[in-house]
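**Q** Please see the structure below; I have some questions.
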Amino acid sequence: MGFIFDPRTAPGGGLYYTQLIEAAAPSFAVLPSAMPIHAPADIELAINDFAREPNGGLLVLPDFTTNSNRQLIITLAARHRMPAVYAFRYFAAEGGLMSYGVDVAELFRSAANYVDRILNGAKPSDLPVQLPEKFDFVINLKTAKTLGLTIPPGVFAIADEVIE
């Protein structure tokens, strides 16, 4: 499993995710392969190189570079018939196989609540830190079919959205 990220823009330089992925990988019987990138040319080189290995999948970590180059990443994953999982729903909506991540709209609603409380006199330092509570799991069925993948019924059952 290759995971692609930009150390300059990923949270904690990507170290946070790298440690979690490497710790979890043995329980899923996968060998993680970090693919740090900085520019579109790096993305193409990293994915093309990784695609030479059999039975690989791609995990695209959330950062500015992967987000701003999402169409390139989606296109390369499709070209190499490589299953890929993304952090945001819009990746799946734009042709990625599936996404699992925070509900961005819910984050904006929470932020608006904080702004409202501050504008009504609350001191920002008195407000609690809140972590995201809602996560979305989205499957792009068209992409799954293009890749020749059969999604098990149990996976469909837990999806928040299936794009057909």
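**Q** Could you give me the residue pairs with C-beta distances under 6 Å whose first residue belongs to region 151-164 and is closer than 15 Å to residue 135 by Cα and in contact (Cβ under 8 Å) with a residue 12 or more places away in the chain, whose second residue is surrounded by 10 or more Cβ atoms within 10 Å (Cβ to Cβ) and among the charged types (D, E, K, R) wherever it lies, and which are 6+ apart or on separate chains?
**A** 160/136
**Q** Here is a check on your reading of the model: is residue 73 closer than 25 Å to residue 160 by Cα and surrounded by 13 or more Cβ atoms within 10 Å (Cβ to Cβ)?
**A** Answer is yes for this residue.
**Q** For region 108-141: of the residues being among the aromatic types (Phe, Trp, Tyr) and part of a helix (DSSP H, G or I), which is surrounded by the most Cβ atoms within 10 Å (Cβ to Cβ)?
**A** It comes out as 114.
**Q** Report the residue count in region 121-138 for those that are in contact with a helix residue (DSSP H, G or I) (Cβ under 7 Å, 6 or more places away or on another chain) and of a type in the set (Val, Ile, Thr).
**A** Selection size over region 121-138: 1.
**Q** Kindly evaluate residue 102 against the criterion of being out of contact with any helix residue (DSSP H, G or I) (no Cβ under 8 Å at 6 or more places or on another chain) and closer than 26 Å to residue 35 by Cβ.
**A** The answer is yes for residue 102.
**Q** Also: Mind listing whichever residues of region 78-129 are more than 16 Å from the chain's Cα centre (by Cα) and of a type in the set (Asp, Glu)?
**A** Within region 78-129, 106, 116, 126 qualify.
**Q** Any residue at all in region 12-29 that is in contact with a helix residue (DSSP H, G or I) (Cβ under 9 Å, 6 or more places away or on another chain) and either hydrophobic (A, V, I, L, M, F, W, C) or at pLDDT 95 or above (or both)?
**A** No, that holds for no residue.
**Q** Enumerate the pairs (first residue in region 104-124 and without any contact (Cβ under 8 Å) to a residue 24 or more places away in the chain; second residue anywhere and in a helix (DSSP H, G or I) and surrounded by 12 or more Cβ atoms within 10 Å (Cβ to Cβ)) with beta-carbon separation below 7 Å, excluding pairs fewer than 6 apart on the same chain, so at least 6 apart or on different chains.
**A** These pairs meet every condition: 124/118.
**Q** Please find, among 30, 102, the residue that is closer than 27 Å to residue 160 by Cβ, of a type in the set (Val, Ile, Thr), surrounded by 13 or more Cβ atoms within 10 Å (Cβ to Cβ) and out of contact with any Pro (no Cβ under 9 Å at 6 or more places or on another chain).
**A** Step by step, each of 30, 102 is checked, and only 30 is closer than 27 Å to residue 160 by Cβ, of a type in the set (Val, Ile, Thr), surrounded by 13 or more Cβ atoms within 10 Å (Cβ to Cβ) and out of contact with any Pro (no Cβ under 9 Å at 6 or more places or on another chain).
**Q** So, one more: Identify, by number, the condition in (1) among the β-branched types (Val, Ile, Thr); (2) within 15 Å of the chain's Cα centre (by Cα); (3) within 24 Å of residue 138 (Cβ to Cβ) that residue 30 doesn't meet.
**A** It fails just one condition, (2).
**Q** Here's something else I'd like to know. So, restricting to helices (runs of 4 or more DSSP H) that lie completely within region 1-95, which ones have at least 1 residues that are of a type in the set (A, V, I, L, M), without any contact (Cβ under 8 Å) to a residue 60 or more places away in the chain and within 28 Å of residue 134 (Cα to Cα)?
**A** Result: 15-24, 70-79.
The values are calculated or read from the model by the stated rules, or taken from the named source; none is laboratory data. These numbers come from a predicted model, not from an experiment. Heads up, the Cβs are rebuilt from the backbone with ideal geometry, glycines too, and the neighbour counts pull from every protein chain shown.
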